[in-house]
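S.K.: I am attaching a structure below and will ask some questions about it afterwards.
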Amino acid sequence: MYDVEREKKVIRQGEIKMKKEPFVTKEQIEEIVKSYPTPFHLYDEKGIRENAKAVKEAFAWNPGFREYFAVKATPNPFLLNILREYGCGADCSSMTELMLAHELGMSGEEIMFSSNDTPAEEFVYANEIGATINLDDFTHIDFLEKTIGAFPKTMSLRYNPGGVYTLSNGIMDNPGDAKYGFTKEQLFEGYKLLKEKGVERFGIHAFLVSNTVTNDYYPTLARTLFELCVEIKEKLGIKISFINLSGGVGIAYKPDQVPNDIRVIGAGVQKVYEEVLVPADMGDVAIYTEMGRFMMGPYGCLVTKAIHEKHTYKEYIGVDACAANLMRPAIYGAYHHITVAGKEDAPCNHKYDVVGSLCENCDKFAVDRMLPKIDMGDYLVIHDTGAHGYSMGYNYNGRLRSAEILLKEDGGAQLIRRAETPKDYFATFDCFDIIKGLV
Ligand SMILES: *Cc1c(COP(=O)(O)O)cnc(C)c1O
């Protein structure tokens, strides 16, 4: 939800800038590090709850609505449980994500399985726990039948319209170049075939553009899918029961971006629903979403400490986190805003590269970033790491994954995942046996 308080407009040196403020203060960080050393991912319980409530309200007009949180964005059981209080299910894409949702006690209908290039045993398990299987490809129909015998009563298919998908404000992506989904022709054949094979309830799914910072994406996608569903009904006599708009709703990573307003988005989808589906006697179709980034992204940050400063051809600040804790800047140059805790109002008059320790020159959280003067021991808050942050972590250079901590509504801190230790790193082999020559 767009929080006006937090995204205060500030006027500085005659120009208007949007200011991003962290949800945690320097004092709170100093308190947390007494128990848990940096680096760690911190999550904002209040923000998560307010946003989840806003999502629920934005789609309350649709009785069948459900948000299936994309587990891959933030696979933490505590956070999934908070979202569940607002009616969210889980969108899983692998065996372990399915296991996580199942372990949390989610029932079949709370679990969506939207995977691709899926191993047979994952289809078997998804079917066993009653998850809704969303097929990525026409050939998977045959593969699934051979793998699990008979089809479940409910099946969903993922659609890829090909070409270039453009929104009214010029944002576009290239579905024709994406590995996901059925072509339109295959989709029609797929529904026909599944109906012949006894499937009774059908869904459709599409994910066409990523991280859209516009309120237009879902309504535009909804129109594409709604019109397609009317065509499917007319041509095949098959009524689609649920339409899954998947993920792709973006967040304002940059301070000059205007955050999406989920209420405007929900109302936009409703308008198209009433225009297209209701007149086609499809006013009972359920809308599903699979948002990850929008549900969690802004409500997480990576807290790290400045431990080195280096003056060579550039000015570097070395921090105790690295790309193993947050990979997005290293792999796609993604912008993550940085605040120096306690220096929120200091002038940004120093140009730094903020770097981690990996033996990879792409391990930079920021390049040529204007920040306040950073002193050793300062805490840096790297914003918007609540989705696709911790979860993309890895162990390169033998770096260990950090802890995840929940900043509770009452201001207290709760450890919701401990940091890895060397023992975790060595758990897949016994290094000491190797050293002793026993292996
Ligand atoms: C990654 C993914 C999502 C979530 O995407 P966001 O951009 O984080 O909202 C949803 N559905 C599927 C199938 C995905 O692969």
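The values are calculated or read from the model by the stated rules, or taken from the named source; none is laboratory data. Remember, predicted model here, so these are calculated numbers, not experimental data. Here the Cβ is made from the backbone with ideal geometry for all residues, glycine too, and neighbour counts use every protein chain on show. Just the protein is used for accessible areas: all its heavy atoms, side chains included, with ligands, DNA and RNA removed. Shrake-Rupley method; radii C 1.70, N 1.55, O 1.52, S 1.80 Å.
S.K.: State all residues of segment 155-177 that are surrounded by 15 or more Cβ atoms within 10 Å (Cβ to Cβ) and without any contact (Cβ under 8 Å) to a residue 60 or more places away in the chain; if no residue qualifies, say none. Quick ask: steps written out before the conclusion?
M.R.: Of segment 155-177, the ones surrounded by 15 or more Cβ atoms within 10 Å (Cβ to Cβ) are 155-161, 165, 167, 171, 173, 175.
Once the filter is applied, which keeps residues that are surrounded by 15 or more Cβ atoms within 10 Å (Cβ to Cβ) and without any contact (Cβ under 8 Å) to a residue 60 or more places away in the chain, segment 155-177 yields M155, L157, R158, N160, Y165, L167, I171, D173, P175.
S.K.: Another question about this same structure. Hey, G198 hits all of (1) away from the ligand (no atom under 14 Å from the Cβ); (2) touching a helix residue (DSSP H, G or I) at 6+ places or on another chain (Cβ under 6 Å); (3) outside any helix (DSSP H, G or I) but one; which does it fall short on?
M.R.: If we test G198 against (1) away from the ligand (no atom under 14 Å from the Cβ); (2) touching a helix residue (DSSP H, G or I) at 6+ places or on another chain (Cβ under 6 Å); (3) outside any helix (DSSP H, G or I), just (2) comes out false.
S.K.: While we're on this one: Output the residues belonging to segment 302-333 that are closer than 30 Å to V269 by Cβ and surrounded by 15 or more Cβ atoms within 10 Å (Cβ to Cβ). Lay out the reasoning, then the answer.
M.R.: Here is the first cut: in segment 302-333, the residues closer than 30 Å to V269 by Cβ are 328, 332.
Within segment 302-333, just R328 meets the criteria.
S.K.: Let me ask something else. Are there any pairs, at least 6 apart or on different chains, whose C-beta atoms fall under 7 Å, with the first in segment 236-248 and farther than 17 Å from V278 by Cα and assigned by TED's automatic domain parsing to the domain that holds H205 and the second small (G, A, S) and within 10 Å of the ligand (Cβ to nearest atom), and if so, which?
M.R.: So the pair list comes out as S246/A206; G247/A70; G247/G292; G248/S210.
S.K.: Quick one: in segment 13-46, of everything that is assigned to a strand (DSSP E or B) and open to solvent by 80 Å² or more (accessible area, probe 1.4 Å), which residue is modelled with the highest pLDDT?
M.R.: Step one: filter segment 13-46 for residues assigned to a strand (DSSP E or B), giving 15-18, 40-44.
With open to solvent by 80 Å² or more (accessible area, probe 1.4 Å) added as a condition, the list becomes 15-17.
Working: E15: 42, I16: 45, K17: 53.
Selected residue: K17.
S.K.: Restricting to segment 229-248, what's the tally of residues that are closer than 16 Å to F182 by Cβ and open to solvent by less than 10 Å² (accessible area, probe 1.4 Å)?
M.R.: Restricting attention to segment 229-248, the residues satisfying the condition of being closer than 16 Å to F182 by Cβ are 229, 231-232, 235-236, 238, 240, 243-244, 246.
With the extra rule that they be open to solvent by less than 10 Å² (accessible area, probe 1.4 Å), the set shrinks to 229, 232, 238, 240, 243-244, 246.
Of the residues in segment 229-248, 7 are closer than 16 Å to F182 by Cβ and open to solvent by less than 10 Å² (accessible area, probe 1.4 Å).
Residue by residue, here is whether (1) in contact with a helix residue (DSSP H, G or I) (Cβ under 8 Å, 6 or more places away or on another chain); (2) in a loop (DSSP other than H, G, I, E, B); (3) more than 14 Å from the ligand (Cβ to nearest atom); (4) within 26 Å of G386 (Cα to Cα) holds:
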| residue | (1), (2), (3), (4) |
| --- | --- |
| F226 | yes, no, yes, no |
| V230 | yes, no, yes, no |
| K235 | yes, no, yes, no |
| Q257 | no, yes, yes, yes |
| R263 | yes, no, yes, yes |
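S.K.: Which one of these is open to solvent by less than 10 Å² (accessible area, probe 1.4 Å) and either within 16 Å of the ligand (Cβ to nearest atom) or at pLDDT 95 or above (or both): L400, L415, L380?
M.R.: Numbers: L400 fails: open to solvent by less than 10 Å² (accessible area, probe 1.4 Å); L415 fails: open to solvent by less than 10 Å² (accessible area, probe 1.4 Å).
Just a single option satisfies the conditions, and that option is L380.
S.K.: Let me ask you something else. Just to be sure, is G190 open to solvent by less than 60 Å² (accessible area, probe 1.4 Å), under 30 Å from D384 (Cα atoms) and more than 16 Å from the ligand (Cβ to nearest atom)? Before you say what the answer is, go through the steps one by one.
M.R.: Values: open to solvent by less than 60 Å² (accessible area, probe 1.4 Å): yes; under 30 Å from D384 (Cα atoms): no; more than 16 Å from the ligand (Cβ to nearest atom): yes.
The answer is no for G190.
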